[in-house]
Every structure is written in C-alpha cells, then in structure tokens.
1. Looking at ILE174 and the list (1) within 21 Å of the chain's Cα centre (by Cα); (2) under 20 Å from LYS111 (Cβ atoms); (3) surrounded by fewer than 17 Cβ atoms within 10 Å (Cβ to Cβ), which single condition is not satisfied?
2. Would you check if GLU230 is at pLDDT 85 or above, more than 29 Å from PRO139 (Cβ to Cβ) and loosely packed, with under 14 Cβ neighbours inside 10 Å?
3. Cβ contacts < 7 Å: first residue more than 22 Å from GLY109 (Cα to Cα), restricted to region 126-149; second residue among the acidic types (Asp, Glu), any location; separation 6+ or different chain. Result?
4. I'm checking my understanding of the structure. Among residues of region 32-61 that are of a type in the set (Lys, Arg) and touching a residue at least 24 places away in the same chain (Cβ under 8 Å), which one is farthest from VAL98 (Cα to Cα)?
5. If you take the residues of region 177-191 that are part of a helix (DSSP H, G or I) and under 10 Å from the mean Cα position of the chain (by Cα), which of them is farthest from GLN106 (Cα to Cα)?
6. Restricting the search to region 124-150, which residues are surrounded by fewer than 17 Cβ atoms within 10 Å (Cβ to Cβ) and closer than 14 Å to SER99 by Cβ?
7. Any chance region 113-128 includes a residue that's in contact with a strand residue (DSSP E or B) (Cβ under 7 Å, 6 or more places away or on another chain) and closer than 30 Å to ALA50 by Cβ?
8. Go through PHE203, PHE213 for me and flag whichever is part of a helix (DSSP H, G or I), of a type in the set (Phe, Trp, Tyr) and at pLDDT 85 or above.
Amino acid sequence: MALWDKLKGELIDIIEWLDDSNNTMVYRFERYGNEIKTGAKLTVREGQAAVFINEGKIADVFQPGMYTLNTQNLPILSTLLGWKYGFNSPFKAEVYFVSTRNFTDQKWGTKNPITLSDDRFGMLEIRAFGTYVTRVKDPGLFIKEIVGTDGHFTSEEISQQLQSMVVTRFTDAIGEAGLPVESYAAKTNEISDLIQGIMNSEFEAYGLSLTKFLIENVSMPEEIKKEIFELSRLTKIDLSKLAQMKAAKAMEKAAENPSGTAGAGMGMGMGFAMANQMGNMFSQQQAQQQPQAGGAPPPIPQAVAFFVAVNGQQSGPFDLNTLQNMVAQNQLTRESLVWRQGMGAWTAAGQVGELANLFANTPPPIPG
C-alpha cells in the first residue's frame, strides 16, 4: 500500500479541489510526501484560493485560474527553497484550498437576557437573535490565525467563536445606543447596519469579512410590551371622543339596570358627568402642555360641582348642566340634599342660591 501511495504521488500532475459540501472552509490537498512535480498543473476554481505552505510558513497564494507551477509563479516559495536557477525535480509544499464564497444562514442569539435601563420603564431585559453571512477575505491570514494544520476545516468549527463575538458586540452596541426600548423592534435595519460596521474590524483580524448581519427579532417582557402598546394608543386617541364613548356605555349599562327609569336617569346623569369631567381633564392637560404667551388669557376656571344624596348614598360631583338634566328627569328636587366644597353641611337644593334657577320652571310640591 505504501508503494502504491508513493507511485501515485509521483504520477500526480494536477492539483485541484472539487468541493461537494456546503460547509467546508479549508481543505488540504493530500499526496504522498507532499511532493509536487515540476510543471504540475494547479486549477483554482471560482470561489476558491490556493495557499502554498513550506515548513509552516505561508508562501504563495493563488486566486482563481489555471497555473503551471514553476519558479516564475512561485516567487516566494522559490526564495524560501533557495532556487536561484530554476528547478527540475519534485519539490515539497503543503497546498491548502480555501473556500472564499459566502457562508450564509450563520445563526446567532443571546443565551442570557440583556439588561437595559430605560428612562420610562426602568431596568428591563431583552433577548435577540438573527443570522449573519461571512466569507474568507484573506486566505493566508485565516489559515494562520484560525485553521492551523487542520486538513478539513468546516464552518461549524468556528461558528461558536463567531457567535460569542457577535453577541458581545451586539450587547455593547445596544447598551451604548440609549434608544427607547420600542425602537429596537422598529429600527432593526439601522441597528443591524451599525453593528455590522462595528464588527467588521473584528472579523478582519481573523482574515474574514462580515458581509451581512441581520436582527430577526428583539423580544421583551410581556408586561413591558403591553405598556408600550397602551402608550402608543393614547398618543393616537382623541380623549374627548373617548370620554363620549365611555359616557354612552355608562348610559347603556344604566338602561339595563332593573331599578327602572330612576336608575336609567341617574345613570344618564352620571354618564354626562363623567364625559364632562374627562373633557375638562383633557382641556387642562392641553393647556399645561401649550406654552403661555405674554398676552394669552388665563385658563377658564373650573365649573362649580355639587354632590347629591340619592337613596342615602353620595353621588357626583355633578356640574350645573348635569343637575339641570336631573331636575328634568325628576331625579333632583328642591328637597334633595346637596353639598359642594365650602358648604358647612348638606342642604336642601331649594335653599341653595346657586341652584335656585334650576327649579324656576318647576312647580313646588302640592301641600299635603
């Protein structure tokens, strides 16, 4: 068997690599005694590079093409071997074929959550995952820094190291970005480009190039996600219309109350009060947010509101418009007890001067 290997090595005059895998990054061309005949043909296909190594030192690197090996196209190797006037005998050198194509769908992900500090939500944790694409940019440097003497080097052998480097740089970039937490999902393209630029120098130190970096998903705790959705809705909702909708729903509930017309009337009054209060609240918020100009009038004072005793229970407060509706529905009479801020005690509505006009068109009760 040893004799056949020796003879086969002497007959070899074509050096090439037919790659039938999708994960081989480096393949060492095997032959007996590492001997190469004078005038041997070297074929380097597209997506490949051939690296000649002599006694552990990187010599010549060949790009795609077909070569007849001699002192002219092996200048570095000729110098290392001391060939001054050419050579006619076999010479020894290791030949490594390096795949220079893109290795796609390389996955990365955060094993542990990343802790961030957000101005609104405080400390929170996020996770992220995605893919990246890499290729060998400098075949000689890649063999020197990563492959060594491995005769069949695959992408799986370096994937763990690259993933750790990707996650580390991603964590640093996210921590220094200082973006609102909801922006991480909305700006994945921008963040991906930023991190790719940061990590390119790291990959180049190994003779690699990071040709694409993608963030597929950034996840956060469900409670934070719900709060973000609620805040986004509030910025889009017309609060005055929301108050009217709430009041309408309150009226529908009151109408379904088995207590009958009285319950419906009281529910209507309370619904109007709720709508007015929410509308006033919205107006006050707008007034606070708008800058006060030098000649701008002061804000309109809040209307007086009264509490009403109904069936021994306190309800309200109601403004004058709501109380007028309650009088029309016979839910507020002259004898109904009312109270507002500044009054010493509950007083019959008919005895309160501010409510006198409400009963102007309502006859007093018939004497018993």
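1. (3)
2. Answer is no for this residue.
3. LYS137/GLU204
4. Ranking the candidates gives LYS37 first.
5. SER183
6. VAL133, ASP150
7. So far as region 113-128 goes, no, none of its residues is in contact with a strand residue (DSSP E or B) (Cβ under 7 Å, 6 or more places away or on another chain) and closer than 30 Å to ALA50 by Cβ.
8. PHE203
The values are calculated or read from the model by the stated rules, or taken from the named source; none is laboratory data. Computed from a predicted model, the values in this text were never measured in an experiment. Quick reminder, even Gly has a Cβ in these numbers, built from the backbone with ideal geometry, and neighbours come from all protein chains shown.
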